[in-house]
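Any read-out appearing in this document is the output of simple, stated calculations on the displayed coordinates, not a laboratory observation. Keep in mind that this is a model prediction, so the values were computed, not measured. Quick reminder, even Gly has a Cβ in these numbers, built from the backbone with ideal geometry, and neighbours come from all protein chains shown.
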Amino acid sequence: MSRSPIKLRLDIKIAALTVAMVAVTVTLMGLLHYGKARDEIIGLHQQDILHIATTAALSMDVEAHAVLGGQKARTWPAFKRMRGFLLAVKEENRLEMPLSTLRRVGEDEVEYVVTTHAMARIGTRHPLPKSARPAFERGEATVTDPYSDGQGMWLSAYAPIKHPSGAVEAVLAVTYRADKIMTELTARRRLTILYAFAVLVVALVLSIVLARTVTGPVKKLLEAARSLALGDYERHIEVKSHDEVGELAEGFEQMRLSLKESMAAREQLTADLRKTVHELEDNLKKVQLLEQVKTQLAKFVPGRVVRLIEESPERPALQKREMDVSVLFLDVVGYTRLSEEMDRDRMDYIIQRYFSNFVDVINDNGGDINETAGDGLMIVFHHPAPTEHAVRAVLAARSIQSITRAINAEEAIIHADDEGDFRPIAIKYGINSGASNVGVSRFEGLGEDRYTFTATGPVTNVAARIVDLAGEDEILLGEETARRVTDAFSVERKGEFSLKNVRDPVTIYRVEPLPDQITQAAEGRKIMDEDVAYPA
Amino acid sequence: MEPVNLYTTPTCSQCAKTRAWFSAQGISFTDHNVVADAEALKRMIEVSGSRNVPVIQIGDRVFVGFDENEVAAFLAEQ
């Protein structure tokens, strides 16, 4: 498994921070330790040289020293004795540099009185060393800090040679080569650096261990978070740590459990929703099926029934009631002969070609087709105004008459070179008006009952008999219908006829025939002379 | 889009439905009145082998009568 950049950064950050902190601490402690050791070493050497100078000064014969001075005294026994003493001190303490007694001359100069140096130096004057001033002025022994002069590093101590009265006769100067102090200090510094380096190495190792101790649980959390992101809500998050990371892990675990519950609830909700959608889809399919059934049934059910059911689906007003209607019967003349002469496809085409137009006309005039037989239709017209439905029934018959003639003309043209397969269609019409029982008729059979919605009674019966009397293309009317339409159509009395199953003779009227030609107005459509292009 | 030719007559209600359907689909077409145009009638009989209207010719494909689903399926394949 590759290590993520985030983890690398966190490791490095923790290790680097730890090492940096340790490095700073070790450096500070090393510096402090080194400084303290340096002070101790120098202090020990200063005490040593100061002790030599002080002890030697106290051993000097101050009275004898007071008479010495200049080159002339170099041969005196007192001078030789004191020089011998100083040489013995130098020898005993293994001092490399000469010992000298200095007498103050004026404010800022000193004079060499006795020295283990070359004799030529006796009596020479030099500037008063700044560090020797307290010994001259306050009778206090002093020692310098290490100093360099290009030839090496030195320590100098100045001890007063006092009269019994306390007056300072001279100062004994002892100089000590301090180079070996520096050697000692360098060795100490190297040791300190070595210790510091060792501590840093240990700190580095510990810091890596520390970083892994911290990032280990974080890595576990990271992997757990990734599992959660991928939808694994079953993986238990366990970090055995009692610090903030442990609390974070506990928070993660609680979040996992909450998410698991939420997901379970969501899945349940989704399942419920899917079930509901499925049920809705089933219901929708049922509704669509019912719509299809309704659409298909509507083709077989009178339009008035469809409207009544749509107005009151639960309790449609289908019960029979008396209404004033006009009933139009139309029959195809010689239908039986035609159906015998033509093949079935051709006959179906003819029926569809003519009757499709008839249906449009009937609907346009508010008629309901109640019955269809192979060769005819029964159509009921109703309108609140009794005259209006009678006029519409005649108007529908007139239009069907015109359309039939127009279609006949078109078919004649189409079959001009194929006359053997063309028979003009002729329709005959019978119309009667008056009060009729309109509603559902129920026929009880051995199996299921049969219902039909129609107009029944004498008006319908007479209309059916009238059409039997009509000739080709002839529109015959009952007396009541004729009375109602005389203002709209030219009507003539055909005669009085006794009809089958009708008690009294009935006077029959005939609507004036159409001119024996086709007019554009009669068919209601324009016959085009040229092809017409319809752009999209 | 293949050229669309309709062979119709003025009184044919199926022909009127066919014209309305193609217009509604935004498909341009040429309407031939076979009772006014003898040449169109001849072509219609040639391409369809039928004297029933309407005849719909889309490229080389010919339909006698108008079945909306059948024509729509054919156009969808194009």
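A few comments on the model shown:
- Range of Cα positions in segment B:4-77 per principal axis (Å), largest first: 32, 23, 18
- Computed over Cα pairs, the Kirkwood radius of segment A:198-279 leads via Stokes-Einstein (0.890 mPa s, 25 °C) to a diffusion coefficient of 160 µm² per second.
- 3J(HN,Hα) along segment A:283-295: 5, 4, 4, 4, 4, 4, 5, 4, 4, 5, 4, 4, 4 Hz, from the Karplus curve 6.51 cos²θ - 1.76 cosθ + 1.60 with θ = phi - 60°, whole Hz, x for Gly and Pro.
- When the C-alpha to C-alpha distance is required to be over 29 Å, the pairs from A:LYS90/A:LYS180; A:LYS130/A:LYS180; A:LYS294/A:LYS320; A:LYS320/B:LYS17 that qualify are A:LYS320/B:LYS17.
- Tail fraction, Cα-Cα pairs, segment A:314-523, threshold 24 Å, whole percent: 44 percent
- Annotation for segment A:410-468: GluC sites (Glu not before Pro) lying in DSSP loop with at most 14 further Cβ atoms inside 10 Å of their Cβ are A:GLU444, A:GLU448.
- Value at 222 nm in deg cm²/dmol, rounded to 500, when DSSP H runs of n ≥ 4 in chain A each add -39,500 (n - 2.57): -18000 deg cm²/dmol
- Inverse mean reciprocal Cα-Cα distance (Kirkwood Rh) of segment A:231-300, Å: 16.2 Å
- Taken over the protein assembly as shown, the convex hull of the Cα atoms encloses 422 Å³ per residue.
- Dimensionless Rg ratio for segment A:32-73, taking C-alpha atoms and the 2.2 N^0.38 Å reference: 1.94
- Exposed loop sites are taken as trypsin sites (Lys or Arg not before Pro) in a DSSP loop (any state but H, G, I, E or B) with at most 13 other beta carbon atoms within 10 Å; the longest stretch of chain A without one runs A:241-499.
- Between A:MET323 and A:ALA265, the FRET efficiency from the beta-carbon distance, with R0 = 56 Å, is close to 0.35.
- Nitroxide proxy distance, nm - points 7 Å out along Cα→Cβ at A:ALA225 and A:ARG442: 7.7 nm
- Kirkwood-type radius of segment A:25-182, with distances r between different C-alpha atoms, in Å: 16.4 Å
- When Rg and the Kirkwood Rh are both derived from Cα coordinates, the Rg/Rh ratio for segment A:423-494 amounts to 1.12.
- Bridging of A:LYS275 to lysines at a Cα separation below 21 Å is possible for A:LYS285, A:LYS286, once same-chain residues fewer than 8 apart are set aside.
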